[in-house]
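Computed from the coordinates by the stated procedures, all read-outs in this text should not be read as laboratory data. Just so you know, these numbers come straight off a predicted model, no measurement behind them. Backbone-built Cβ (ideal geometry, glycine too); neighbour counts: all protein chains shown.
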């Protein structure tokens, strides 16, 4: 008879012999909630998926055409690590025009393989092992794991529905602990649709200066701001010298698969990021870079057209969620709605699972995005009207079957906040 | 542009009740707006956009450049209206450049288009000359591509 302790040791031994090649900090990475959910959905037929984190538009033709032309011209070689000068100039001009921030194209811009790479090299360039990084919760699934991979420690900042998921300066200050080196902000935010509020951001900026924090600002959804104007933290005093500004082509220009992002920051930081980038990626695809030039220089109208479509779909789903008894704030940006599903009495994961099983609609559980996402579900409305209309009907049926009372449509007051 | 009209022009097949759902307004309001748009002459009518080659009845399309003498009162308008009224005429535009009116005619045969031009059009007083061109093949019809490679719009079911 083997004692329980020995049994445990034996189990560990068996496990270890399979896992022994894998690094500890990778084993320690939490399993992605999105991945789990993806596997559930993948096996099913006829699912209407509201769990897609990318536009349903194809990249506008003029951008695709520019890439084709680039291939025809035989542009197939490595580019400078920082990216083609042409693209860096286009980036510098674009950021100046639309964000009112001046970055020098020679030394303050780096082109990366998607914004995901930019975030990764930024963290790897600035974090010493054990450095703490503040980040908003809920947020994009990659941030915390990327911090962990860079041997940092994540410190979550609570965001909530009452403040429409903006980041509040008070919460940042509350979450701060000694040892915090950096602050990651993603506004507008995936999954919550939260946007920056000028006053809060100003105070956060002051706090960042006071605590000498380096800020990484992922502004990938900036162009998809429906109400009001997007504000960047870089515009506040003392921020340009301590912020790594991240942006890319994926969302507003529907270029997710092209893998084109960029970072703008003071030269010293770009140089540091370049060191990591040059050894791991060397450079982003030259074709994607050429396409990005076309997108940044001539893509404005296309973006506005897509934005208009998203806005209309946003109004539709938010109204429907509120009508059926799932309180949902009106996201001022992105193509995500983040309804509260607590009225069903289910956890986020249970809600998502049961909705999928009973009505074949996929929504990602809010808990996949962080502890403060529990009680919510993310609805991506980047999908066609017929699917949206049908999905709303199915969700309503499901929610009603759980006894949730539908609210009498006060659609006017809900739509225009 | 009016919201209902904007949605209409996007080219998706939506009935009034679906439009009402998407725009968040009662169906009666949508219908009312559509009627008003019609009355004001903004919305002229509803015709689905068909592949020109698929319509067996009207496969031949002629584009005719017409030169006319402008009149003392009304310029080109009276003549243009007179031409436009013919059922055979699909479109009629006043153009800048080397000719005056662009007239698009659709009929089932080449012969019919030619007869229309020679018997009806050219004989109108005030028409100086016509130049008829026949459409050979359509690549794009009113914003819709006709032959395009099957778009592979497969996205992953779930993505972060």
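In table form, for the structure just shown:
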{"item": "By average C-beta atoms within 10 angstrom, highest first, the peptides A:291-302, A:233-244", "result": "A:291-302, A:233-244"}
{"item": "Chain lengthening between residue A:280 and residue A:68 when straightened (0.36 nm per residue, less Cα-Cα)", "result": "73.6 nm"}
{"item": "Peptide-level mean, for A:41-52, of C-beta atoms on other protein chains within 10 Å", "result": "2"}
{"item": "Inter-chain shielding of A:260-270 (mean C-beta neighbours from other protein chains, 10 Å cut-off)", "result": "0"}
{"item": "Estimated [θ] at 222 nm from DSSP helical runs (n ≥ 4, -39500 (n - 2.57)) normalised by residues in chain B, nearest 500", "result": "-7000 deg cm²/dmol"}
{"item": "5 Å binning of all Cα-Cα separations within chain B, expressed as whole percents from 0 upward", "result": "1, 7, 13, 14, 12, 13, 13, 11, 7, 4, 2, 1, 1, 0"}
{"item": "Residue-averaged beta-carbon neighbours from other chains (10 angstrom radius) around B:146-158", "result": "4"}
{"item": "Ratio of the Cα radius of gyration of the stretch A:103-213 to 2.2 N^0.38 Å, where N counts its residues", "result": "1.07"}
{"item": "Calculated [θ] (222 nm, deg cm²/dmol) that DSSP helices of n ≥ 4 give over chain A, each run adding -39,500 (n - 2.57)", "result": "-13500 deg cm²/dmol"}
{"item": "Two-site FRET efficiency, residue B:27 against residue B:90, from Cβ-Cβ distance with R₀ of 35 Å, rounded to 0.05", "result": "0.60"}
{"item": "Global geometry of the stretch B:52-136, whether rounded, prolate or oblate, following the gyration tensor of its Cα atoms and the 1.5 cut on a/c", "result": "prolate"}
{"item": "Relative pair counts by distance (%), Cα atoms of the stretch B:78-124, 10 Å bins", "result": "26, 58, 16"}
{"item": "Euclidean distance between Cα centres, the stretch A:144-184 to the stretch A:280-309, Å", "result": "30"}
{"item": "Top of A:108, A:210, A:86 by mean-square fluctuation, Gaussian network on chain A, Cα under 10 Å", "result": "A:210"}
{"item": "Calculated diffusion of the stretch A:296-417, Stokes-Einstein form, Kirkwood radius summed over Cα pairs, 37 °C and 0.692 mPa s, µm²/s", "result": "220"}
{"item": "Sites residue B:98 and residue A:386, calculated FRET efficiency, Cβ-Cβ separation with R0 56 Å, nearest 0.05", "result": "0.75"}
{"item": "Angle in degrees between helix B:27-39 and the longest Cα principal axis of chain B, rounded to the nearest 10", "result": "10"}
{"item": "Cα-projected label distance for residue A:241 with residue A:170, points at 7 Å along beta-carbon direction, nm", "result": "3.2"}
{"item": "Spherically averaged projected area of the stretch A:238-358 from its Cα convex hull (nm²)", "result": "11.7"}
{"item": "Pairwise centroid distance, computed over Cα atoms, of the stretch A:44-108 with the stretch A:391-406, Å", "result": "40"}
{"item": "Rg and Dmax [Cα atoms of the protein assembly as shown; Å; Rg one decimal, Dmax integer]", "result": "29.3, 115"}
{"item": "Of every Cα-Cα pair in the stretch A:143-296, the percent that sits beyond 28 Å", "result": "22"}
